[in-house]
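**Student:** What follows is a single structure, and I will ask about it in a moment.
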Amino acid sequence: MYQQWRPERARAWHARQVWGCGFNYLPRTAVNWLEMWQEETFDHTTIQQELRWAQAYGYNVLRTNLPFTVWEHDRDGLINRIEHFLSIAHRCGLKVMLTLLDDCAFSGDEPFIGQQKPPIPGVHNSQGAGSPGRAKVLDPTCWPQIEAYVKDIIGHFHSDPRIQMWDLYNEPGNSGVFVGEAKGMAFDARLEFYALSLMAQAFEWARQASPSQPLTVAAWHIPDRSQCEHAFIHPIDIAALHLSDVISYHAYVDRHGQQLIASSLAAFDRPVFCTEWLARHVGCVMEEQLPLFHAQNISCYHWGLAQGKTQTWLPWPDIPQTEENTELWFHDVLTPQGKPYRKEEMALVQKLSKR
């Protein structure tokens, strides 16, 4: 009863969708998803303004993350705020992908309720927080709570047409902590082992909630950005690709790398989505790759909308700042006033999304 979609069903579903041109979303006033979704800092005004900007520029889909910690603290409030967010997105012509779990926690801190720390000047995504956090991922006695969360959220929205699909787990096993490394945090090899098991469980729990929308987890391991032919051979990626109803992946690589990846993923004979891309410092640029995604009917979600507290216009810390690239934005496409970082990029979004 609770089985993966057959490829034929996934392709039939995909045939009813428009090509998705989208972005990963945090409002410019939120330093992380805890700040976005908590009652005290849920910024209706900014969300509405920014999603209207996105609509005007031609975007039609978005991806955003939910924080387990907010659900644990204020379940009913979170459900109401998700409803409100979906209503705003729907009015702006945007279908939504919701992500439930997340190991990409650059701050190195466990998630906490209340006032979040301010961004660290000059540091990319310095206060990124996980869902549910590494401590709970590493403690299977906490997993019944995570099961309840997954089933509750998907069960509540299981037939909501405003939600296009569910991303169950963002970058499972990602223990790269930009700020945490400075605190002396060491890589914990257990995280990958537990994340793989938790991801498989999440698919089972999600299917028990009988969603009408497809499920996915993105493959994300690329050992070297210039060696894309070796992408997605990690056990976590292999499991994600074989468990997903529709295929998704992350790739901050150049055009040639995107072509190699798209070619390899076509073998699954399922719809393909690139749910994270755009990194201008490493040649992952709009003018080359947006037309590629469009031509191959791969819906795509670049990182970031408006320049804000996450500071993701700054490059990853492993990319040196030089005199030539200091003014170059890494992610994001709009200024805090809603103006394009590059007019040519937004003109391309408008052109391709209308086709």
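The values are calculated or read from the model by the stated rules, or taken from the named source; none is laboratory data. Here the structure is a predicted model, which means the values were calculated and not measured. A quick note on method: Cβ atoms are made from the backbone with ideal geometry, for glycine too, and the neighbour counts reach across all protein chains shown. These accessible areas exclude ligands, DNA and RNA; they are computed on the full protein's heavy atoms, side chains included. Shrake-Rupley method; radii C 1.70, N 1.55, O 1.52, S 1.80 Å.
**Student:** What are the residues in region 310-339 that are surrounded by 14 or more Cβ atoms within 10 Å (Cβ to Cβ) and at pLDDT below 90, if any?
**Tutor:** Matches in region 310-339: PRO317, ILE319, ASN325.
**Student:** Do the conditions hold for VAL282, that is, is it buried (at least 19 other Cβ atoms within 10 Å of the Cβ) and aliphatic (A, V, I, L, M)?
**Tutor:** Judged against the criteria, VAL282 is not a match.
**Student:** Hey, another quick one. Within the group PHE203, PHE232, which residue is at positive phi, surrounded by 20 or more Cβ atoms within 10 Å (Cβ to Cβ) and not β-branched (Val, Ile, Thr)?
**Tutor:** Within the list PHE203, PHE232, the selection yields PHE232.
**Student:** When only residues in region 155-179 that are in contact with a Leu (Cβ under 8 Å, 6 or more places away or on another chain) and outside any loop (DSSP other than H, G, I, E, B) count, which is farthest from MET199 (Cα to Cα)?
**Tutor:** ILE163
**Student:** Answer yes or no as to whether SER126 is surrounded by fewer than 18 Cβ atoms within 10 Å (Cβ to Cβ) and of a type in the set (Ser, Thr, Tyr).
**Tutor:** no
**Student:** Hey, another quick one. Output the residues belonging to region 225-281 that are small (Gly, Ala, Ser) and more than 23 Å from ILE319 (Cβ to Cβ).
**Tutor:** Selection gives ALA239, ALA240, SER244, SER248, ALA262, SER263, SER264, ALA266, ALA267.
**Student:** Are any of the residues in region 6-14 farther than 24 Å from ALA202 by Cα, surrounded by fewer than 22 Cβ atoms within 10 Å (Cβ to Cβ) and out of contact with any Gly (no Cβ under 9 Å at 6 or more places or on another chain)?
**Tutor:** There is at least one residue in region 6-14 that is farther than 24 Å from ALA202 by Cα, surrounded by fewer than 22 Cβ atoms within 10 Å (Cβ to Cβ) and out of contact with any Gly (no Cβ under 9 Å at 6 or more places or on another chain).
**Student:** Tell me, which residue of region 242-261 that is among the aliphatic types (A, V, I, L, M) and open to solvent by 10 Å² or more (accessible area, probe 1.4 Å) is modelled with the lowest pLDDT?
**Tutor:** LEU260
**Student:** Would you mind listing the helices (runs of 4 or more DSSP H) fully within region 20-102 where at least 2 residues are of a type in the set (Lys, Arg) and open to solvent by 40 Å² or more (accessible area, probe 1.4 Å)?
**Tutor:** 75-91
**Student:** Tally the residues that are loosely packed, with under 14 Cβ neighbours inside 10 Å, of a type in the set (Lys, Arg) and farther than 18 Å from ILE298 by Cβ, restricting the search to region 340-354.
**Tutor:** The qualifying residues number 1.
**Student:** Between a first residue in region 53-74 that is closer than 23 Å to ALA129 by Cα and a second residue that is in a helix (DSSP H, G or I) and of a type in the set (Val, Ile, Thr), which pairs have beta carbons less than 8 Å apart while being 6 or more apart in sequence or on different chains?
**Tutor:** Every condition considered, the pairs that remain are LEU66/ILE82; LEU66/ILE153; PHE68/ILE146; TRP71/ILE153.
**Student:** Contact list please: Cβ distance under 8 Å, first residue in region 142-166 and free of Cβ contacts under 8 Å to residues at least 40 places away in the same chain and among the β-branched types (Val, Ile, Thr), second residue surrounded by 23 or more Cβ atoms within 10 Å (Cβ to Cβ) and not in a helix (DSSP H, G or I), pairs at least six apart or on different chains.
**Tutor:** Final answer for the pair search is none.
**Student:** Also, quick follow-up: Would you point out the residue of region 131-178, among those that are crowded, with 23+ Cβ neighbours inside 10 Å and polar (S, T, N, Q), that is farthest from LEU215 (Cα to Cα)?
**Tutor:** Taking the candidates together, the pick is SER131.
**Student:** Check off (1) more than 30 Å from ILE88 (Cα to Cα); (2) modelled with pLDDT of 95 or more; (3) open to solvent by less than 10 Å² (accessible area, probe 1.4 Å) for TYR194 and give me the number that stays unchecked.
**Tutor:** Among (1) more than 30 Å from ILE88 (Cα to Cα); (2) modelled with pLDDT of 95 or more; (3) open to solvent by less than 10 Å² (accessible area, probe 1.4 Å), TYR194 violates only (3).
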